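Data first, discussion second: the structure below is written as structure tokens.
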Amino acid sequence: MIRTMIVDDDRLVRLALADILDDAPGIAVAAQGADGTEALELARTHRIDVALMDVRMPRMDGIEATRRLRALPDPPQVVVLTTFDLDQYVYDALAAGASGFLLKDTDPAEIVRAVEVVAAGQAMLHPHAARRLIDRYHDAAPPAGRAARARVERLTPRETDVLALLGGGASNAEIATALGMRESTVKAHVSRILAALEVGNRVQAALCARDAGLGTG
């Protein structure tokens, strides 16, 4: 059972999301919060696997709440779910440790799939926003390439191959096919890559890969 938490300052949105998730097999809504401060309190008293997080909220916004949730000893995965398709929100959410970014007009079935996907350690990003916005922000950002390349140099050649594909958005199964590996071997490589790059999830590893210029030439 995937235990979820819904964090949104709009009670009607919380109720609608709760209905969507509670109707999905294998998913339960364990907690609901009205802002980031409440989300942190709930995460400390409930076992949460995935948090659906709004961005604009009183007291503590969703970006800061995501950052603090991901710093907990047993952190939940976070899917940022917002009305606002803004470049800065996407980049900040992913940099804070979110594994997903969706708009609130996303089809309910895709919201359910996002919960399942990130609970399994994968990433789920809005198809119309994520790639375009990540590319834009990394192209415009101050040079972070040197630091990223230094971290990538810690990897073995095979791990670098895996990271390059991961940075392009490939799933573990797609990486396994492309490199002629078993999927379990890819998972082991990804775990070592996250540790070597000192990042919390595969989305942040993908951002590092793009900063280092992997797969962009």
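Only the coordinates and a few stated rules stand behind these numbers; no lab work does. It should be emphasised that the depicted structure is a prediction, and the values quoted were computed from it without experimental measurement. Counting neighbours? That spans all protein chains shown, and the Cβs are built from the backbone with ideal geometry, glycine included.
Quick check on the range 164-217: take the gyration tensor over C-alpha atoms, sort the square-rooted eigenvalues as a ≥ b ≥ c, and tell me if it's rounded (a/c under 1.5), prolate or oblate.
Oblate is the answer for the range 164-217, as a/c is 1.5 or above yet b/c matches or exceeds a/b.
Just how large is the dipole of the chain about the Cα centre, in debye to the nearest 20, putting +1 at every Lys and Arg Cβ and -1 at every Asp and Glu Cβ?
860 debye
Ranking request for peptides 46-53, 30-37: highest mean number of other beta-carbon atoms within 10 Å first, then the rest in descending order.
Put in order of decreasing packing, that is 46-53, 30-37.
Compactness ratio of the chain: Cα Rg over 2.2 N^0.38 Å, N = residue count?
Scaled against compact globular proteins, the figure is 1.00.
With θ set to phi - 60° and the Karplus curve 6.51 cos²θ - 1.76 cosθ + 1.60, what are the ³J(HN,Hα) couplings of the range 47-58 in order, to the nearest whole Hz, using x for Gly and Pro?
7, 10, 8, 9, 10, 8, 10, 6, 9, 7, 9, x
How much length would be gained if the chain were fully extended between Val13 and Leu103, taking 0.36 nm per residue of separation minus their Cα-Cα distance, in nm to one decimal?
Contour length minus the Cα-Cα distance gives 31.1 nm.
Check Ile2: other-chain or 5+ apart residues with amide H under 5 Å from its amide H, H built from backbone geometry?
Ile27, Ala28
If you take the square roots of the eigenvalues of the alpha-carbon gyration tensor of the range 1-81 and sort them as a ≥ b ≥ c, do you get rounded (a/c under 1.5), prolate (a/b over b/c) or oblate?
oblate
Report the one residue of Val55, Cys208, Pro108 whose Cα lies farthest in the direction of the positive end of the charge dipole of the chain (charges on C-beta: Lys and Arg +1, Asp and Glu -1; origin at the Cα centre).
Of the listed residues, the answer is Cys208.
Whole-Hz ³J(HN,Hα) for each residue in the range 19-29, computed from phi via Karplus 6.51 cos²θ - 1.76 cosθ + 1.60 with θ = phi - 60°, x for glycine and proline: what do you get?
Coupling constants for the range 19-29: 4, 4, 6, 5, 7, 8, x, x, 10, 10, 8 Hz.
Considering the dipole of the chain built from charges on the beta carbon (Lys and Arg +1, Asp and Glu -1) around the Cα centre, which of Tyr89, Ala39, Val186 is farthest to its positive end?
About the Cα centre, the residue reaching furthest to the positive side is Val186.
Treating the beta-carbon of each Lys and Arg as +1 and of each Asp and Glu as -1, no other charges, what is the dipole magnitude of the range 1-114 about its Cα centre, to the nearest 20 debye?
The dipole magnitude comes to about 440 debye.
Quick one: which residues, 5+ away or cross-chain, put their amide H under 5 Å from the amide H of Val78? H built at 1.01 Å from N.
Ala51, Ser99, Gly100
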